[in-house]
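Asker: Have a look at this one before I ask anything.
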Amino acid sequence: MVNVKVEFLGGLDVIFEKQRTYKLNVPSKDDSEVTVGSLIDYIVENMIKNPRDKDVFIENDTIRPGILTLINDTDWELEGEKDYVLEDGDILSFTSTLHGG
Amino acid sequence: MSFTPPSDPKKPKNVKISQLCELCHARKALIKRPKNLQKICKLCFFHVFETEIHNTILSNKLFQFGERVAVGASGGKDSTVLAYLLKLLNERHNYGIQIVLLSIDEGIVGYRDDSLATVKRNKEQYDLPLEIVSYRELYDWTMDEIVACAGVRNSCTYCGVFRRQALDRGAAKLGIKHVVTGHNADDMAETVLMNILRGDVARLEKSTSIMTQSSGSPIKRSKPFKYAYQKEIVLYAHYKKLDYFSTECTYAPEAFRGTARELMKNLEAVRPSCIIDIIYSGENLRLRPKKTKKAPPKSHMEVRSDGSISLPLQGFLDGNRCDRCGYLSSNKICKACMLLEGLQQNRAKLSIDKDVSAHGAAKLTRTLENLTF
């Protein structure tokens with residue numbers, strides 16, 4: 001179990017009932033550590049209400065290109081992407097860059 | 001609607017040496033620059049990003065001292081960062097320019113009214129004057145009415161043609177001769193790809209220039225973000241907590257640009273430098289000059305399939321003006337006037353349709369009722 005804050009920015013909130021910020025308790029499977037990968041699975045399974053919106057968020061089993069993923073304001077590429085192990089109080093933000101400017 | 005900035009994360013506890021910024025070697029690297037894969041910290045990123053834009057402005061001599069400049073401001077990420085940065089750089093490097101925000105109100109309820117609210121907040125936040133020009137006052141149509149009349153499929157055609165003119169007219173109204181827009185490197189590369197995919201040879205060569213001006217037009221346009229990655233612009237806005245609007249336009253579901261954009265994003269995921277590479281290719285494409293056709297008689301005018309009429313050869317000038325509205329046009333009548341004419345015809349049809357609902361005797365009574373002496 002880990003407590004994190006998740007933010008959906010840049011218009012992504014439309015697929016999360018127009019709410020930008022969520023505080024989540026992400027359950028861990030058999031007491032192991034919770035990774036960003038399992039957080040993404042959790043979001044897709046529990047938080048996207050309309051199944052058609054999944055493609056907006058996920059592509060080929062990872063975050064869709066064009067969505068900027070930050071772990072505590074650090075590009076997730078520098079943190080090991082899906083393998084990053086979450087800690088209590090971490091902030092994850094997903095920002096869409098695909099809308100018009 | 002108000003603005004909620006993104007949350008601040010807690011301070012990192014232990015930073016490994018391998019995680020340090022490659023420029024200052026003092027703080028934790030937060031981003032990997034798509035241009036060169038360099039890992040840098042937030043402060044170095046601000047410095048590098050701002051300096052690069054400054055260098056683009058200097059090396060292309062975009063501004064002249066004392067010039068008044070209109071920023072095409074939509075409230076979106078690019079134009080918001082552009083307005084913020086221009087103001088900052090203008091003060092830091094003393095360009096001596098006066099900046100005005102220029103917004104176009106297309107009349108799209110639930111989209112443009114919200115984004116204009118953002119621009120109005122930007123006006124206060126950056127202390128810049130703001131001018132809003134609407135389609136309603138320029139063309140007597142709002143985009144909502146146009147879509148109701150012509151359908152969603154063509155909405156971007158109308159909107160694009162009208163907006164281009166509207167920006168120029170807004171600038172002319174303010175007596176400004178220079179409009180800057182927030183087009184970024186991703187947009188540029190996308191345009192190059194799109195023109196190649198469409199085989200649009202005429203646009204291909206011009207599409208990558210940082211500053212454009214038709215010889216007959218008093219208004220020039222430039223794109224200081226031509227080499228700035230969309231990702232970095234979004235990151236800059238995120239770290240600086242800039243207030244921008246980020247909803248996709250109601251009428252822009254599957255425009256052709258969408259497909260090219262997807263292709264670009266997938267290419268970028270494989271090799272981030274590809275965006276700059278595509279722009280570079282676009283800049284260096286040289287097309288073989290067209291073979292000159294057999295000259296038609298001098299007064300020859302051609303009616304093309306879309307109904308536009310070419311200019312008589314003799315009278316061709318770069319600064320030709322539309323017969324109706326006087327705006328620059330490469331045809332006798334400009335594209336906006338042609339679109340407006342089509343719309344006008346449809347509007348007339350609609351009002352007649354209403355009358356048809358009552359026919360025969362009922363219609364006669366209704367007509368008599370409306371008669372006055």
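The values are calculated or read from the model by the stated rules, or taken from the named source; none is laboratory data. The shown structure was predicted, so the numbers you read here are calculated from the model rather than taken from an experiment. No Cβ is skipped: glycine too gets one built from the backbone with ideal geometry, and neighbour counts run over all protein chains shown.
Asker: Scan region B:161-188 residue by residue and report those that are assigned to a helix (DSSP H, G or I) and in contact with a Ser or Thr (Cβ under 9 Å, 6 or more places away or on another chain).
Answerer: Residues satisfying the conditions are B:Ala166, B:Leu167, B:Asp168, B:Gly170, B:Asp186, B:Met188.
Asker: Quick check on A:Val44: is it surrounded by fewer than 16 Cβ atoms within 10 Å (Cβ to Cβ) and part of a helix (DSSP H, G or I)?
Answerer: Considered against the rule, which asks whether it is surrounded by fewer than 16 Cβ atoms within 10 Å (Cβ to Cβ) and part of a helix (DSSP H, G or I), A:Val44 comes out as yes.
Asker: Okay, next question. Among the residues of region B:48-60, which ones are without any contact (Cβ under 8 Å) to a residue 40 or more places away in the chain and in contact with a strand residue (DSSP E or B) (Cβ under 9 Å, 6 or more places away or on another chain)?
Answerer: The one that is without any contact (Cβ under 8 Å) to a residue 40 or more places away in the chain and in contact with a strand residue (DSSP E or B) (Cβ under 9 Å, 6 or more places away or on another chain): B:Val48.
Asker: If you take the residues of region B:101-116 that are surrounded by fewer than 18 Cβ atoms within 10 Å (Cβ to Cβ) and touching a Ser or Thr at 6+ places or on another chain (Cβ under 9 Å), which of them is farthest from A:Gly11 (Cα to Cα)?
Answerer: Applying the filter and picking the extreme gives B:Val109.
Condition check ((1) in a strand (DSSP E or B); (2) over 17 Å from B:Glu262 (Cβ atoms)) across all residues:
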position	(1), (2)
A:Pro65	no, no
A:Thr69	yes, yes
A:Leu78	no, yes
A:Gly89	no, yes
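Asker: For region B:199-228: of the residues being more than 17 Å from the chain's Cα centre (by Cα) and in contact (Cβ under 8 Å) with a residue 12 or more places away in the chain, which is surrounded by the fewest Cβ atoms within 10 Å (Cβ to Cβ)?
Answerer: Top of the filtered list is B:Ser215.
Asker: Still on this structure: Given (1) surrounded by 18 or more Cβ atoms within 10 Å (Cβ to Cβ); (2) closer than 21 Å to B:Ile99 by Cβ; (3) acidic (Asp, Glu), where does B:Asp144 come up short, assuming only one miss?
Answerer: (2)
Asker: Also: Name the single residue that is nearest to B:Asp243 (Cα to Cα) among those in region A:19-56 being within 14 Å of chain B (Cβ to nearest Cβ) and modelled with pLDDT of 85 or more.
Answerer: Result: A:Arg20.
Asker: So how many residues does region B:93-115 have that are more than 14 Å from B:Arg163 (Cβ to Cβ) and touching a residue at least 40 places away in the same chain (Cβ under 8 Å)?
Answerer: Residues in region B:93-115 being more than 14 Å from B:Arg163 (Cβ to Cβ) and touching a residue at least 40 places away in the same chain (Cβ under 8 Å): 3 in total.
Asker: Follow-up. Within region B:7-28, work out how many residues are in contact with a strand residue (DSSP E or B) (Cβ under 9 Å, 6 or more places away or on another chain) and more than 12 Å from chain A (Cβ to nearest Cβ).
Answerer: Total meeting the criteria: 3.
Asker: Tell me which residues, restricted to region A:66-97, are within 17 Å of B:Glu248 (Cα to Cα), free of Cβ contacts under 8 Å to residues at least 60 places away in the same chain and facing chain B (nearest Cβ under 7 Å).
Answerer: A:Gly66, A:Leu68
Asker: In region B:145-163, what residues are under 19 Å from the mean Cα position of the chain (by Cα) and either in contact (Cβ under 8 Å) with a residue 24 or more places away in the chain or under 19 Å from B:Leu116 (Cβ atoms) (or both)?
Answerer: Answer for region B:145-163, where residues must be under 19 Å from the mean Cα position of the chain (by Cα) and either in contact (Cβ under 8 Å) with a residue 24 or more places away in the chain or under 19 Å from B:Leu116 (Cβ atoms) (or both): B:Ser155, B:Cys156, B:Thr157, B:Tyr158, B:Cys159, B:Gly160, B:Val161, B:Phe162, B:Arg163.
Asker: Conditions: (1) buried (at least 18 other Cβ atoms within 10 Å of the Cβ); (2) among the hydrophobic types (A, V, I, L, M, F, W, C); (3) touching a helix residue (DSSP H, G or I) at 6+ places or on another chain (Cβ under 7 Å); (4) without any contact (Cβ under 8 Å) to a residue 40 or more places away in the chain. A:Phe16 meets all but one. Number of the miss?
Answerer: Every listed condition holds for A:Phe16 apart from (3).
Asker: What residue, among those in region A:1-13 that are in contact (Cβ under 8 Å) with a residue 40 or more places away in the chain and more than 12 Å from chain B (Cβ to nearest Cβ), is nearest to A:Gly89 (Cα to Cα)?
Answerer: This residue is A:Asn3.
Asker: Moving on. Just one of B:Ile31, B:Ile57, B:Ile97, B:Ile108 is of a type in the set (Val, Ile, Thr), out of contact with any Lys or Arg (no Cβ under 6 Å at 6 or more places or on another chain) and facing chain A (nearest Cβ under 10 Å); which is it?
Answerer: After ruling out the rest, the residue left standing is B:Ile31.
Asker: Just checking, how many residues over region B:114-160 are touching an Asp or Glu at 6+ places or on another chain (Cβ under 8 Å) and either part of a loop (DSSP other than H, G, I, E, B) or closer than 22 Å to B:Leu343 by Cβ (or both)?
Answerer: Residues in region B:114-160 being touching an Asp or Glu at 6+ places or on another chain (Cβ under 8 Å) and either part of a loop (DSSP other than H, G, I, E, B) or closer than 22 Å to B:Leu343 by Cβ (or both): 7 in total.
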